[in-house]
């Protein structure tokens, strides 16, 4: 699954266009490398999101095309 879509589906970023712009601006890092929106997310990837006041680091646990709002957080684990 594309990185921008994963960020939207898991509700880490509210809209896919915002996720896409964040990737283009270099604010999303996957496995210590700046990632493009088209990056193919894999289970076990470490994603750093540097938007707003505090950076967020998550580990990908699951990849699902459609997720209910209540189950969105089951796809990742917050590391820092």
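Worth pointing out:
- Scan of the stretch 41-50 for residues that are touching a residue at least 24 places away in the same chain (Cβ under 8 Å), out of contact with any helix residue (DSSP H, G or I) (no Cβ under 6 Å at 6 or more places or on another chain) and either within 20 Å of residue 18 (Cβ to Cβ) or part of a loop (DSSP other than H, G, I, E, B) (or both), ordered by number: 47, 49
- Boolean, residue 22 is without any contact (Cβ under 8 Å) to a residue 60 or more places away in the chain, surrounded by 14 or more Cβ atoms within 10 Å (Cβ to Cβ), in contact with a strand residue (DSSP E or B) (Cβ under 8 Å, 6 or more places away or on another chain) and not in a helix (DSSP H, G or I): no
Here, each number is a calculation from the coordinates, and none is a lab measurement. Owing to the predicted nature of the structure, the values given are computational and were not obtained by experimental measurement. Cβ sites come from the backbone with ideal geometry, for glycine too, and all protein chains shown count toward neighbours.
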